[in-house]
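Below is one structure, written out as structure tokens, with a few remarks after it.
The values are calculated or read from the model by the stated rules, or taken from the named source; none is laboratory data. Note that this is a predicted model, so its numbers are computed, not measured. Please note: Cβ atoms are built from the backbone with ideal geometry, for glycine as well, and neighbour counts cover all protein chains shown. Remember, those area values only see protein heavy atoms, side chains included, never the ligands or the DNA or RNA. Shrake-Rupley method; radii C 1.70, N 1.55, O 1.52, S 1.80 Å.
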Amino acid sequence: MLNWHHIKRQQATEPAASAAQHLSDSTGSSHIIEVVGINKSFGDVHVLKDITFYIRNNEFITLLGPSGCGKSTTLRILAGFERPDSGDVFFEGRSLLDIPPYQRQLNTVFQRYALFPHLNVYDNIAFGLNIRKVGKDEIRTRIGQALKTVDLEGYADRWVEQLSGGQMQRVAIARAIGNKPQVLLLDEPLGALDLKMRKEMQIELKDMQRSLGITFVYVTHDQEEALTMSDTIIVMKEGLIQQIGTPTDIYNEPRNAFVADFIGESNIIPGRMTRDFAVSFAQRSFACIDRRMSEDEVDVVIRPEDIILAEPSDQTISGQVVSVVFKGVHYEMMVETGPFTWMVQSTDFFAEGASVGLTFDPEDIHIMAKSDYSPDRRTAGSDPGDTPDDQNGGDSW
Amino acid sequence: MKSLRRLTYPYLIWIAIFTLAPLLLVAFYAFTAYDATGKLFFTLQGFNKVFSTADTVALNIFALKSLFGIDWQVPIYVNVFAKSLEIALFSTIICLLIGYPAAWLLARGERENRHRGNGNLLLFLFVMPMWMNALLRTYAWLALLEPRGIINSLLGLVNIGPVQFLYNDFGIGLGMVYNYLPFMVLPIQSVLVKISPSVIEAAEDLGANRRQTFLRVILPLSMPGVLSGINMVFMPAMTTFLIPDLLGGGRYLLIGNAIERQFMISRDMTTGSALSILLLVFVLASMRILTRYEKENDEGGLLT
């Protein structure tokens, strides 16, 4: 799982604030797409529940969530392959719902590439341009550019089946950007690639998005991928938007236990907060930097890397190390303190069985309102754990 | 692997006895005849008879006659050949025109059913008549199409007819389309099922409307199925004698009937064999032309 050391804590902003920005119905011209209250059911399954968000021009926005959360369906509604049961989608202020996919100025990079097997690389990329009756010379130039962008110069004459997975993915991207769309939709485009290739492509995609200056809407279940590339992340679960925000917001200020748990490792402890800037959990009171919420019962999130290990004392929560795993940069230790087992990531080593004390800085204690995903409210049916195999997720089709 | 190869021996023996040997026999008969003393001798008389200009008839090909005004006198057997080719081509085209949409429907049903995990009822209903004997199925058409058959009785109720359905091109074409349609539909369907829905979506995404998506993506990708479908309809349609025999009322002569008569009625094995060889060469040649279009497509249907 993820260890996100390099994201620096920022002064806490109200987590709802960033979400509110993206949920507001302001109709500024910088919003290229607005999704307003869409609902979608497949049979009895209500896969999208009142989804509302907007996409700014030229941003890299990621729909992130586990299998079956509705992220792919949302993307397919943008592309026009599905029609929402209710709600509306606006593209530059005009409703998209009655516009068929082939008339939308969006192009999709499909999960499994969906290249045309009967055409070579050149003709695959030329497909959309031929249909739009672009001139032959113009097509040649554009294909040259597109192949250059995806670093596949010299592959124009290859047949699709002669390409590796990574190359096919690049062709799929070249085919989509060759059409010069204003928005590029990417449905788990790196899902079928190996880890190393995936990491390279993440950087390349981000560079590509910047240099092309177009909007990317990216769907993934991989939170690390989302954090690496996105300007904005929309976290989804069970057809609901859980949180919208920048990667830093999402990581540092998760809105509920699901987001905290899905984005990186976290310790989520039930706590009680009766006044501003103080919270009690683990039979102690701690200073924190959040204000009191409407309810006293809260969830407290502390990231494993933010826990400071010390000799046990009055100032610490004392516990015992029950397991130690060396992770390269740090040790990952499980520390048992009575009812709760903490995950701690530290460069300091404590042997298994050692007694240790845990402390936290006030700004590392993050308070969240209780939700259905709170550990003490979690029911069997709502496991917020991340499921990495989204390949055949129910939301794919 | 070597022991597995032995498993193919029964089939190889089968081919040797029931395919190669008869073929060689036919070739042998085609070039030989018995003289008055019962001695076998080499001859080309069979082929001479086929192409003999002593007996000529007007070439009876509707399209050539009506469209181009072609009125040739040709040897009888050349006319029979041309007539067979005409009806076979016509039936193949009709099968393709009916079969492609049917295959599309079946493929779509198959895809949806696979999603739900139950069988494809439509495909089942479609294949079911094939379990019945072709002779019976064709006889059933007689009952339907007769001057006093079911269809003409119904037409009579609205004061139409009786219409002559049988013993003409229509009846025979209908019989062929009915009997051979599954051989067109199934290979096309099996190719269509394999086309990934996301490829079709990709075409739409890139700006292709339904017509363009069909012409530029679906049709090219289903070509292997179309070609094997054409093969599998054209070949039996070209060679059948059962259908023209029944629905042609015995007086309708196609190449299959001509061969049958040489063997069974005239007892002229030499001419019969010569006709068979010519038909074989013709069918092989047309298959060859078709497969040339197919290039090296390994996504083929039932036959490549």
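Worth pointing out:
- Peptide packing for A:255-262, B:162-169, B:263-270, A:52-59 was compared via the average number of neighbouring C-beta atoms within 10 Å per residue; ordered from the highest value, the list is A:255-262, A:52-59, B:162-169, B:263-270.
- Net charge contributed by nearby residues that have their C-beta within less than 10 Å of A:Val298 (K/R +1, D/E -1): -2
- Net dipole in debye of segment A:208-332 [+1 Lys, Arg Cβ; -1 Asp, Glu Cβ; about Cα centre; nearest 20]: 180 debye
- Heavy-atom accessible surface of the protein assembly as shown, averaged per residue, reaches 49 Å², computed with a 1.4 Å probe.
- Only DSSP H runs of four or more residues enter the estimate; each adds -39500 (n - 2.57), and after division by the residues of chain B the mean residue ellipticity at 222 nm equals -21500 deg cm²/dmol.
- Partners for B:Lys49 among aspartates and glutamates (Cα-Cα distance below 15 Å; same-chain residues under 8 apart left out): B:Asp268
- Those residues of segment B:158-189 whose amide nitrogen sits under 16 Å from the label point placed on B:Leu67, 7 Å along Cα→Cβ: none
- Note on the protein assembly as shown: with charges restricted to the Cβ of Lys and Arg (+1) and Asp and Glu (-1), its dipole about the Cα centre is near 3900 debye.
- Cβ-based net charge around A:Glu225, under 10 Å, with every Lys or Arg adding one and every Asp or Glu removing one: -1
- Prolate/oblate/rounded call for segment B:141-299, Cα gyration tensor, a/c under 1.5 rounded: oblate
- With K and R counted +1 and D and E -1, the other residues having a Cβ less than 13 Å from that of A:Ile55 yield a net charge of -3.
- Per-residue mean of foreign Cβ neighbours for A:95-101 is 2 (Cβ atoms of other chains, 10 Å radius).
- For the pair B and A, total buried accessible area rounded to nearest 100 Å², probe 1.4 Å: 1800 Å²
- For segment A:159-234: rounded, prolate or oblate by the Cα gyration tensor [a/c cutoff 1.5]: oblate
- Fraction of accessible area attributable to carbon and sulfur, segment A:96-168 (%, probe 1.4 Å): 46 percent
- Cβ-based charge dipole, segment A:15-252, positive-most Cα from A:Ala79, A:Val134, A:Gln243: A:Val134
- Fraction of antiparallel bridges per DSSP, the protein assembly as shown only, in percent to nearest 5: 80 percent
- Seen through its C-alpha gyration tensor, with square-root eigenvalues sorted a ≥ b ≥ c, the protein assembly as shown comes out prolate because a/c lies at 1.5 or above while a/b is bigger than b/c.
- Using Cβ point charges alone (K and R +1, D and E -1), the dipole size of chain A about the Cα centre works out to roughly 1540 debye.
- The mean count of C-beta atoms from other chains within 10 Å of the C-beta of residues in A:108-117, rounded to a whole number, is 5.
- Cross-link check: pairs A:Lys327/A:Lys370; A:Lys71/A:Lys206; A:Lys148/A:Lys206; A:Lys49/A:Lys180 evaluated at a Cα-Cα cut-off of 22 Å; pairs beyond the cut-off: A:Lys327/A:Lys370; A:Lys49/A:Lys180.
- Bridgeable lysines around B:Lys65 (alpha carbons under 20 Å apart, same-chain partners fewer than 8 residues away excluded): B:Lys83.
- For chain A, calculated [θ]222 nm from helices alone, where every DSSP H run of n ≥ 4 adds -39500 (n - 2.57): -7000 deg cm²/dmol
- Protection proxy ranking, highest mean first, for peptides B:250-260, A:225-235: A:225-235, B:250-260, where packing is the per-residue count of other beta-carbon atoms within 10 Å, averaged.
- Compared with the alpha-carbon gap, the fully stretched path from A:Leu195 to A:Glu138 is longer by 16.9 nm at 0.36 nm per residue.
- Modelled spin-label separation between A:Ala278 and A:Glu336, with each label point placed 7 Å from Cα along the Cα-to-Cβ direction: 3.3 nm.
- Straight-distance candidates among the aspartates and glutamates for linking to A:Lys196, with alpha-carbon spacing under 15 Å and chain neighbours fewer than 8 residues away dropped: A:Glu204, A:Asp222, A:Glu224, A:Glu225.
- Two numbers describe the Cα atoms of chain B: Rg and Dmax, which are 23.1, 79 Å.
- Segment A:15-252 - share of DSSP beta bridges that are antiparallel (%, nearest 5): 55 percent
- With a cut-off of 16 Å on the backbone N, the residues of segment A:161-199 near the modelled label site 7 Å out from A:Asp151 along Cα-Cβ are A:164-174, A:190, A:193-199.
- FRET E, pair A:Val329, A:Ser86, Förster distance 41 Å, beta-carbon r, rounded to 0.05: 0.25
- Neighbouring Cβ atoms from other chains, within 10 Å of the Cβ of residues in B:192-205, number 6 on average.
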